[in-house]
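All remarks here apply to the structure that follows.
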Amino acid sequence: MALIIHNTLTRNKQPFEPLIKGKVGIYVCGVTVYDHSHLGHAKSAINFDLIVRYLRYKGYDVTHITNFTDVDDKIIARANEMGIEPLELSRTMIEKYHKDMSSLKVKRADVYPKASETIPDMISMVSGLIERGYAYESNGSVYFSVSKAKEYGKLSGQSLDQMVAGARIEPGEDKRDPMDFALWKAAKPGEVFWESPWGKGRPGWHIECSAMCLKHIGKTVDIHGGGTDLVFPHHENEILQSEAYNDAPYVRYWMHNGMLTIDSEKMSKSLKNFFSIEDILKKYAPEVLRFFILNASYRAPLDYDEGSLDETKKALEKLQNSYGSMKNAISLASGTDDAKALTEKAMTDFEARMDDDFSSREAIAVMYDLTREANRLHSDGRLSKQGAENVVAVLDKFNDLFDVLTDRKTNVVKEDNVSASEQVSAEVSGENLDDVSADELADEGRIRFWVLRRETARKTKDFAYADRIRNKLAEFGIDIQDSKEGAVWKRK
RNA sequence: GCCGGGGUGACAGAGCGGCCAUGUGGCGGACUGCAGAUCCGCAUACAGGAGUUCAAAUCUCCUCCCCGGCCCCA
């Protein structure tokens with residue numbers, strides 16, 4: 001089936017056709033690095049992580065670019081407060097960003113261009129725009145003249161007339177028209193600056209993305225992504241600059257992720273209602289966070305509140321449990337059903353959902369359907385070893401994209417994998433349960449020993465003792481569950 | 001004010017013309033020594049009003065409410 005993508009430009013879903021067959025150039029707006037990343041940034045990164053992974057899954061040769069804005073008013077202001085150089089601050093924050101994202105298992109982009117390293121490209125673009133009559137210099141700054149633009153507002157639906165009503169010129173700006181925007185800003189005393197044909201200064205915000213797209217992908221990029229908050233004016237202005245400079249369509253598909261909200265309000269640094277990724281990961285596994293984000297539509301706003309991650313954690317455990325039990329069943333199942341009918345349907349449905357604008361939540365629903373059916377086969381004793389393998393293979397494919405299941409080891413203690421000596425020692429040994437220590441249980445053999453003792457106790461209907469063993473091991477984070485295939489233990 | 005996106009069962013969140021979403025929670029049942037896991041079943045769901053249609057949560061119009069953007073922002 002063919003992939004369709006929702007394009008902000010047309011506000012419709014369209015079949016995806018890259019400029020060059022088989023290749024995709026995707027540019028995703030990155031962050032302004034003046035502070036730690038929060039959950040909202042994680043949402044954007046994880047949404048696009050899945051999109052890129054799925055494009056690769058579909059066989060496209062993908063070039064993924066994400067920028068860092070490391071030259072900006074807020075960075076300068078923060079650095080001044082801290083008494084350090086702006087680029088030093090941004091360098092630290094970039095490192096932190098990479099660290100956070102890798103702890104969330106976000107795959108790296110192919111290139112992370114920085115504004116500070118793209119200055120010459122921006123300068124030549126600005127010069128070109130002046131030459132072509134789209135921009136003008138004024139007191140050391142350069143502005144893009146919106147009155148020269150042919151199609152103002154085609155992405156956001158804004159019209160110039162309406163915008164002009166509310167716009168005003170800030171003191172110290174030298175614009176001819178209030179809606180004009182800065183391509184290059186003359187340096188104020190004491191600020192970082194670069195030399196340019198217009199004197200000392202630094203680039204405006206919008207120009208960096210245009211320059212980076214051109215440099216790393218080309219005149220036309222297949223997919224340009226970012227948060228919905230960037231649609232206007234950032235992306236709108238990028239279109240104006242790039243199309244004026246390149247004489248080519250700038251972007252084929254605009255993709256915008258919905259904002260993460262907290263108690264229904266947008267999470268943002270300025271509102272001070274954010275949670276840093278680092279803090280959240282102290283309480284929850286990265287898989288839980290990924291699942292929370294992927295278990296929703298990338299385009300819709302996603303509301304976070306106190307209980308959402310706890311609920312997500314339970315929901316994910318359901319899949320994880322099935323994954324674990326299917327893995328065990330590969331060696332232990334005894335039925336004859338190879339589950340082919342299930343797994344083939346699951347794969348078809350899964351891809352159909354993902355092909356429909358990366359509907360991850362629906363794709364997840366398909367996985368729940370699959371595991372429910374597989375669990376039923378398994379508990380009815382109908383699932384074969386091959387069947388378990390087939391189910392695991394599908395879940396692994398799913399997981400290559402979503403990265404939410406872990407290979408956490410579960411261990412089955414069952415008659416036919418227990419040696420005679422283990423059995424004897426479990427029966428005759430008189431060791432004291434109260435002396436059990438974490439050190440002892442570091443040895444899996446000792447865990448098996450206690451699990452076997454418990455089995456023996458259960459056989460002789462000494463349930464009080466069996467329960468004491470289970471409770472004792474639980475104190476050390478070892479969870480024992482009885483199943484038809486024997487006792488299963490795992491470290492929590 | 002202008003431009004977008006929404007209002008779905010206890011809750012979270014899909015679907016966008018006819019058929020079961022899915023998950024969490026609740027209740028009942030199966031299995032089990034117990035626990036857990038798993039399975040099965042149950043619950044006045046589609047903001048309100050009018051219309052189109054054989055058929056509407058899904059299309060059209062109106063009303064009400066929420067969120068985002070319009071300075072920076074994923």
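I need the shape label for the stretch A:171-270. Rule: rounded when a/c is under 1.5, else prolate if a/b > b/c, else oblate, with a, b, c from the alpha carbon gyration tensor.
Because a/c hits 1.5 or more and a/b fails to exceed b/c, the stretch A:171-270 counts as oblate.
If you count, for each residue, the other Cβ atoms within 10 Å and average over each peptide, how do A:99-105, A:147-153 line up from highest to lowest?
A:99-105, A:147-153
Could you provide, to the nearest whole Å², the per residue accessible area of the stretch A:38-126 with probe 1.4 Å?
On a per-residue basis, the stretch A:38-126 sits at 40 Å².
Any chance you could run the full-extension gain for A:D279 through A:E85? It's 0.36 nm times the residue separation minus the Cα-Cα distance, nm to one decimal. Mind dumping the intermediate values first?
Working: separation 194, 0.36 × 194 = 69.84 nm, distance 2.66 nm.
Answer, rounded to one decimal: 67.2 nm.
At a probe radius of 1.4 Å, what is the per-residue accessible area of A:E137, in Å² to the nearest 10?
Here the accessible area works out near 90 Å².
Please give the Cα centre distance for the stretch A:333-403 versus the stretch A:423-487, rounded to the nearest Å.
The stretch A:333-403 and the stretch A:423-487 have Cα centres separated by 34 Å.
Counting Lys and Arg as +1 and Asp and Glu as -1, what is the net charge of the other residues whose Cβ lies under 14 Å from the Cβ of A:A244?
Net charge around A:A244: -2.
Below 8 Å, C-alpha to C-alpha, sequence gap of six or more: please give me the relative contact order for the stretch A:1-135 in percent. Present the calculation step by step, with values, prior to reporting the outcome.
On the way: 144 pairs, mean separation 34.1, N = 135.
Relative contact order here is 25 percent.
Considering the Cα positions of the stretch A:307-402, please state its Rg to one decimal place and its Dmax as a whole number of Å.
Cα only, the stretch A:307-402: 13.3, 42 Å (Rg, Dmax).
Using Cα atoms only, what is the angle between the long axis of helix A:463-475 and the major principal axis of chain A, expressed in degrees (0 to 90) to the nearest 10?
Tilt of helix A:463-475: around 30 degrees.
Along each principal axis of its Cα atoms, how long is the stretch A:411-491 end to end? Whole angstroms, biggest number first, please.
Sorted largest first, the three principal extents are 27, 24, 24 Å.
Provide A:I123, A:I5 ordered by accessible surface of protein heavy atoms (probe 1.4 Å), highest first.
A:I123, A:I5
Write down, largest first, the equivalent ellipsoid semi-axes of chain A in whole Å, where each equals the square root of 5 times an eigenvalue of the alpha-carbon gyration tensor.
They are 56, 26, 17 Å, listed largest first.
Rounded to whole Å, give me the distance from the Cα center of the stretch A:20-42 to that of the stretch A:78-145.
14 Å
What percent antiparallel are the DSSP beta bridges of chain A, to the nearest 5?
55 percent
Compute the Rg to Rh ratio over the stretch A:98-239 from the alpha carbon atoms, using the Kirkwood formula for Rh, and round to two decimal places.
So for the stretch A:98-239, dividing Rg by the Kirkwood Rh gives 0.99.
Starting from the Cα of A:N417, step 7 Å toward the Cβ, then list every residue of the stretch A:469-488 with an amide N under 17 Å from that point.
Residues passing the 17 Å test: A:479-488.
Using a ≥ b ≥ c from the Cα gyration tensor of the stretch A:211-338 (square roots of the eigenvalues), is it rounded, prolate or oblate, where a/c under 1.5 gives rounded and otherwise the larger of a/b and b/c decides, a/b for prolate?
oblate
Using only the Cα atoms, work out Rg/Rh for the stretch A:1-151, with Rh taken as the Kirkwood radius, to two decimals.
On the way: Rg = 18.7 Å, Rh = 18.2 Å.
That ratio equals 1.03.
Measure off 7 Å from each Cα along the Cα-to-Cβ vector at A:K484 and A:S124, then give the distance between these two points in nanometres to one decimal.
Computed distance between label sites A:K484 and A:S124 equals 7.0 nm.
Give the shape of the stretch A:60-121 as rounded, prolate or oblate, defined through the alpha-carbon gyration tensor: a ≥ b ≥ c are the square roots of its eigenvalues, a/c under 1.5 means rounded, and otherwise the shape is prolate if a/b is larger than b/c and oblate if not.
oblate
I'm a student and want to see the number: the projected area of the Cα convex hull of the stretch A:1-58, averaged over all directions, in nm².
Numbers: hull surface 21.0 nm².
Dividing the Cα hull surface by four gives the mean projection, 5.2 nm².
What is the set of long-range amide H partners of A:V251 at a cut-off below 5 Å, with H atoms built 1.01 Å from backbone N?
For A:V251, whose amide H was placed from the backbone, the distant partners under 5 Å are A:V221.
Scan around A:S141 for amide H atoms under 5 Å from its own, H built in the peptide plane at 1.01 Å from N, and keep only partners 5 or more places away or cross-chain.
Residues meeting the criterion, in which the H sits 1.01 Å from N, are A:A186.
Tell me the relative contact order for chain A as a rounded percent, counting alpha carbon contacts under 8 Å between residues six or more apart.
Normalised by residue count, the contact order of chain A is 14 percent.
The values are calculated or read from the model by the stated rules, or taken from the named source; none is laboratory data. As the structure is a computational prediction, the values presented were derived from the model and not from experiment. For neighbour counting, all protein chains shown are included, and Cβ atoms are generated from backbone atoms with ideal geometry for every residue, glycine included. For the accessible areas, the whole protein counts, side chains as well, though only heavy atoms, and no ligand, DNA or RNA atoms are used. Shrake-Rupley method; radii C 1.70, N 1.55, O 1.52, S 1.80 Å.
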